[in-house]
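Beneath this line is the structure, given in structure tokens, with notes to follow.
The values are calculated or read from the model by the stated rules, or taken from the named source; none is laboratory data. Not measured: the values here are computed from a predicted model. Neighbour counts run over all protein chains shown; Cβ positions are idealised from the backbone, glycine included. Accessible surface areas use protein heavy atoms only, side chains included; no ligands, DNA or RNA. Shrake-Rupley method; radii C 1.70, N 1.55, O 1.52, S 1.80 Å.
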Amino acid sequence: MSTSVIERRYVAGRPLRWREELRDIWHHAALLYELVHRDLTVRYKRSLLGFLWTMLHPLLLMLIFVVVFSAIFRGNSPHYETYFLSAYIAWNFFAQTTTNAMAAVAWNGPLMKRVRVPPSIFTLSTVVSGLVNVGLSLIVLFTIMLVVGAPLRASLWFLPVSLLLVGIFSFGAALALTAISIFFGDVREMVQAGMPALMYLTPIIYPLSIVPERYRWLIKLNPLVYIVEIVRDPIYYGIVPAPRTLLVATVISLGSLAAGWMIFRHSAPRFHAHL
Amino acid sequence: MNVIELHGVSVRYRETRIRSLKETVVRGLSGHGRSPWFYALHDVSLAIHHGEAVGIIGPNGAGKSTLLRVAAGIIPPSAGVAVTRGTVAPVMELGTGFEAELSGRENIFFNGALLGCSRASMRSRADEIIDFSGIEPFIDAPLRTYSTGMVARLAFAVATAIDAETILLDEILAVGDAAFRSQCNARIARFVRNGATVVVVSHELEPLESLCSRAIWVAEGRVVADGAAIDVIERYRRQSSAALSA
């Protein structure tokens, strides 16, 4: 027990203070661990292949895309599978995290009515489990690259920085979407329906260069272009992302986090009536 | 030192909740506006001192559980201010946050974490919890294989193993068989003796009389009486039986 007494003030209509909230999340670090642990074990405990499903599910999907699209884009890029998978892993993380985060809050609603935990912890745990899954997917990807003879280059050291940015970006988006989905249940369905469309609007299966020059600026309005690029660069192109790309990606990620955090924080006092 | 303070706390809800975008738009266009407020708590002020054992009584729907939840910081007040000092462990419903696929042992750690305990501190308590729950042979089996009674025993053991300075109990005295119930009561009494603050919501008046020094009678979201447990419970009894015979 700490010597200083923790005092918490809940004032009507006002969210917890920044410092209180951050300390609260820190105080629940053990819960974060347990939530991630539960996420990863419960989902696979009763299945035959167990934990392997974490990797097999995206892998099977990847296989379909690779077979279909490598035929179309074969001429453009050598090692299409690496080209596609490196971006798809980042995309899949974003798509899974945002949809899972909304489901997690709905799922843990009864819990939030009975114990006092920082509500953002469920979103955070979804992001962390997602990053664990990304780690596993990368192992699979590197194995594939070794098998097909795609070069594993030194630029891979940069990957953790890229993934951190992708994580921050997705966390922000997930916070905003969960907050809104607590008030309006249909948002979950809308996001789920919109995700495939968003994927085709992001250069994942095709290179940006096949988009006519005139429309390229339009595609580039999609923040995911940069999020995907900073992951693809070190894996496929073997380079550290260009400073400009990196700067844009950083600004986008931090902007997403700030906006998501604000939306979540200010709607949190009204969550309980809607859970 | 007051561990819990409520200053003019109200909790209110819309009588009907809007759940979809369509409804929001339809309501906005039709000019029906929003439904009226329902007050679960109305301008409640009270202070609970460190080391007190307080019982909260009142009819169903009086706002007892809401009061406990505001005091725990689970529900934010719609008006007023709620203050808590020190660690507060709410035990709202036994079995909350238990996961059917995890084993009894894994659930101990998960539940401890929900109450803000680290893995290390739970590890040092796990044996005692398992011992108290009396389900040692099954502790590594998934929770879905447990009976309701076994889950309740485990849940109570976890909830009361946490050394929070304040423990809030909602209607949990009514679970389990007679033997387990008396075990629970003994445990709560030990908390009180050890100087923890205990707030209990219950319909069972006898255990409250022996456990608590103070009682708060709540009805229709307001505090009707607050004072020595024996007096308040006696008045509540008389009023209830009067209402019955009327």
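Evaluate region B:212-226: report whether one residue or more is in contact with a helix residue (DSSP H, G or I) (Cβ under 9 Å, 6 or more places away or on another chain), touching a residue at least 24 places away in the same chain (Cβ under 8 Å), surrounded by fewer than 19 Cβ atoms within 10 Å (Cβ to Cβ) and outside any strand (DSSP E or B).
Looking through region B:212-226, at least one residue is in contact with a helix residue (DSSP H, G or I) (Cβ under 9 Å, 6 or more places away or on another chain), touching a residue at least 24 places away in the same chain (Cβ under 8 Å), surrounded by fewer than 19 Cβ atoms within 10 Å (Cβ to Cβ) and outside any strand (DSSP E or B).
Just the residues that are open to solvent by less than 40 Å² (accessible area, probe 1.4 Å) and under 16 Å from B:Arg181 (Cβ atoms), please, taken from region B:129-149.
B:Phe132, B:Ser133, B:Gly149
For region B:1-109, please list each of the strands (runs of 3 or more DSSP E) lying entirely inside it that holds at least 1 residues being within 30 Å of A:Glu34 (Cα to Cα) and in contact with a Phe, Trp or Tyr (Cβ under 9 Å, 6 or more places away or on another chain).
Once the strands (runs of 3 or more DSSP E) in region B:1-109 are filtered for at least 1 residues that are within 30 Å of A:Glu34 (Cα to Cα) and in contact with a Phe, Trp or Tyr (Cβ under 9 Å, 6 or more places away or on another chain), what remains is B:79-85, B:88-91.
Quick test of your reading of the structure: A:Leu254 fulfils all but one of (1) of a type in the set (A, V, I, L, M, F, W, C); (2) crowded, with 18+ Cβ neighbours inside 10 Å; (3) modelled with pLDDT of 90 or more. Name the failing condition by number.
For A:Leu254, the failing item is (2).
If a residue counts only when it is of a type in the set (Gly, Ala, Ser) and within 14 Å of chain A (Cβ to nearest Cβ), which helices (runs of 4 or more DSSP H) contained entirely in region B:115-200 have at least 2 such residues?
In region B:115-200, the matching helices (runs of 4 or more DSSP H) lie at B:119-133, B:148-159.
Condition test on A:Val115, is it within 14 Å of chain B (Cβ to nearest Cβ), within 22 Å of A:Leu16 (Cα to Cα) and either within 18 Å of the chain's Cα centre (by Cα) or not aromatic (Phe, Trp, Tyr) (or both)?
Yes.
Only one of B:Arg187, B:Arg181, B:Arg238 is under 25 Å from A:Arg114 (Cα atoms), among the charged types (D, E, K, R) and open to solvent by 20 Å² or more (accessible area, probe 1.4 Å). Can you tell me which?
Result: B:Arg181 is the single residue among B:Arg187, B:Arg181, B:Arg238 that is under 25 Å from A:Arg114 (Cα atoms), among the charged types (D, E, K, R) and open to solvent by 20 Å² or more (accessible area, probe 1.4 Å).
Sort out which residues of region B:59-110 are open to solvent by 10 Å² or more (accessible area, probe 1.4 Å), facing another protein chain (nearest Cβ under 7 Å) and free of Cβ contacts under 8 Å to residues at least 60 places away in the same chain, and write them in order of number.
B:Gly73, B:Ile74, B:Pro76, B:Thr96, B:Gly97, B:Glu99, B:Glu101, B:Phe109
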